[in-house]
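Colleague: First the structure, then my questions, so here it is.
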Amino acid sequence: MRKLVIAISMLAFAGSAAFADPIMDRQALMKERGKIAGGLSKVVKGEEAFDSAAVLTALQSLQANAEKIDVDALFPAGSDKGDTTASPKIWEDTAGFKAANDKYVADVKAAVAAAPADVDALKAQFNTIGGDCGTCHEGYRIKKG
């Protein structure tokens, strides 16, 4: 878990640059998000021991990542073309997309504020956060393959 915390810290630092290419920038943020969530998933699945400090650090990193998502900057008109799996629905239903993102941010903040004391509490929080991810992936992402 210690390696996870170090890796997340380095990713958070690397991800702090200004948005230059919206497609690449949002993909980098989503990859970072996936790595953080993947580490938490290992704890939820029992593949790694629950360590409250490390879990809180990971949740805080997830919050920092979530707060970097500026829909207007990362999903400007025209950025639906190119190497992206962003669905045209993002631009057709920007208000819905923003609402889904806002819910995700709020749920991650709530998880940080109510730092899980054990793996069962983390599971409940992670299910909520994962549900938010699923909502976006189902509605606003084109499946590869």
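Colleague: Would you call GLY134 without any contact (Cβ under 8 Å) to a residue 12 or more places away in the chain and either under 28 Å from THR57 (Cβ atoms) or buried (at least 16 other Cβ atoms within 10 Å of the Cβ) (or both)? Reasoning before the result, please.
Modeller: Details: without any contact (Cβ under 8 Å) to a residue 12 or more places away in the chain: yes; either under 28 Å from THR57 (Cβ atoms) or buried (at least 16 other Cβ atoms within 10 Å of the Cβ) (or both): yes.
Taking the combined requirement at face value, the residue satisfies it.
Colleague: Within the stretch 112-131, take every residue that is within 13 Å of the chain's Cα centre (by Cα) and among the small types (Gly, Ala, Ser) and give me the one that is surrounded by the most Cβ atoms within 10 Å (Cβ to Cβ).
Modeller: The first filter runs over the stretch 112-131 and keeps only residues within 13 Å of the chain's Cα centre (by Cα), leaving 126, 128-131.
Right, trim to among the small types (Gly, Ala, Ser) and you get 130-131.
Values: GLY130: 16, GLY131: 12.
Within the stretch 112-131, the match that is surrounded by the most Cβ atoms within 10 Å (Cβ to Cβ) is GLY130.
Conditions tested, residue by residue: (1) modelled with pLDDT of 95 or more; (2) under 18 Å from ILE142 (Cβ atoms).
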{"residue": "MET10", "(1), (2)": "no, no"}
{"residue": "ASP25", "(1), (2)": "yes, no"}
{"residue": "ALA37", "(1), (2)": "yes, no"}
{"residue": "ALA54", "(1), (2)": "yes, no"}
{"residue": "GLN60", "(1), (2)": "yes, no"}
{"residue": "GLU67", "(1), (2)": "yes, no"}
{"residue": "ASN101", "(1), (2)": "yes, yes"}
{"residue": "ALA106", "(1), (2)": "yes, no"}
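Colleague: On to the next question. Kindly check whether there is at least one residue in the stretch 69-91 that is among the aromatic types (Phe, Trp, Tyr) and under 17 Å from the mean Cα position of the chain (by Cα).
Modeller: Within the stretch 69-91, the first condition is being among the aromatic types (Phe, Trp, Tyr), and the residues that meet it are 75, 91.
Of the ones still in play, those that are also under 17 Å from the mean Cα position of the chain (by Cα) are 75.
Yes: the stretch 69-91 contains one or more residues that are among the aromatic types (Phe, Trp, Tyr) and under 17 Å from the mean Cα position of the chain (by Cα).
Colleague: Kindly establish whether ALA18 is modelled with pLDDT under 95 and either closer than 18 Å to GLY139 by Cα or not in a helix (DSSP H, G or I) (or both). Break it down into steps so the answer makes sense when it comes.
Modeller: Details: modelled with pLDDT under 95: yes; either closer than 18 Å to GLY139 by Cα or not in a helix (DSSP H, G or I) (or both): yes.
The answer is yes for ALA18.
Colleague: Sticking with this one: Can you work out which of the residues in the stretch 82-92 that are touching a residue at least 40 places away in the same chain (Cβ under 8 Å) and within 11 Å of TYR140 (Cβ to Cβ) is surrounded by the fewest Cβ atoms within 10 Å (Cβ to Cβ)?
Modeller: Pass one, the stretch 82-92, residues touching a residue at least 40 places away in the same chain (Cβ under 8 Å): 82-87, 89-90.
Next cut, within 11 Å of TYR140 (Cβ to Cβ) only: 85-87, 89-90.
Numbers: THR85: 13, ALA86: 22, SER87: 19, LYS89: 15, ILE90: 22.
Of everything passing the filter in the stretch 82-92, THR85 is surrounded by the fewest Cβ atoms within 10 Å (Cβ to Cβ).
Colleague: Restricting attention to the stretch 18-57, which residues are small (Gly, Ala, Ser) and on the phi < 0 side of the Ramachandran plot? Outline the logic, then answer.
Modeller: Let us first name the residues in the stretch 18-57 that are small (Gly, Ala, Ser), namely 18, 20, 28, 34, 37-39, 41, 46, 49, 52-54.
Result: ALA18, ALA20, ALA28, GLY34, ALA37, GLY38, GLY39, SER41, ALA49, SER52, ALA53, ALA54.
Colleague: Counting just the residues of the stretch 40-54 that are assigned to a loop (DSSP other than H, G, I, E, B) and in contact (Cβ under 8 Å) with a residue 24 or more places away in the chain, which one comes out nearest to GLY130 (Cα to Cα)? Quick ask: steps written out before the conclusion?
Modeller: Going residue by residue through the stretch 40-54, those that are assigned to a loop (DSSP other than H, G, I, E, B) are 45-51.
Filter again for in contact (Cβ under 8 Å) with a residue 24 or more places away in the chain, leaving 46, 48-51.
Numbers: GLY46: 17, GLU48: 18, ALA49: 20, PHE50: 18, ASP51: 20 Å.
Per the criteria, the residue is GLY46.
Colleague: Residues in the stretch 29-54 that are under 30 Å from ALA73 (Cα atoms) and touching a helix residue (DSSP H, G or I) at 6+ places or on another chain (Cβ under 8 Å): how many?
Modeller: Summing the residues that are under 30 Å from ALA73 (Cα atoms) and touching a helix residue (DSSP H, G or I) at 6+ places or on another chain (Cβ under 8 Å) in the stretch 29-54 gives 9.
Colleague: Which number in (1) within 29 Å of ALA20 (Cβ to Cβ); (2) surrounded by fewer than 20 Cβ atoms within 10 Å (Cβ to Cβ); (3) charged (D, E, K, R) marks the one condition that LYS45 misses?
Modeller: Of (1) within 29 Å of ALA20 (Cβ to Cβ); (2) surrounded by fewer than 20 Cβ atoms within 10 Å (Cβ to Cβ); (3) charged (D, E, K, R), only one is false for LYS45: (1).
Colleague: Would a scan of the stretch 117-129 turn up a residue that is part of a loop (DSSP other than H, G, I, E, B) and under 28 Å from ALA49 (Cα atoms)? Don't jump to the end; show me each part of the working.
Modeller: Start the filter on the stretch 117-129 by keeping residues that are part of a loop (DSSP other than H, G, I, E, B), which leaves 117-118.
Add one more test, that the residue is under 28 Å from ALA49 (Cα atoms), and what stays is 117-118.
Yes, the stretch 117-129 has at least one match.
The values are calculated or read from the model by the stated rules, or taken from the named source; none is laboratory data. Keep in mind that what you see is a predicted model, and the values were worked out from it rather than measured. Positions of Cβ are backbone-derived with ideal geometry, glycine not excepted, and every protein chain shown enters the neighbour counts.
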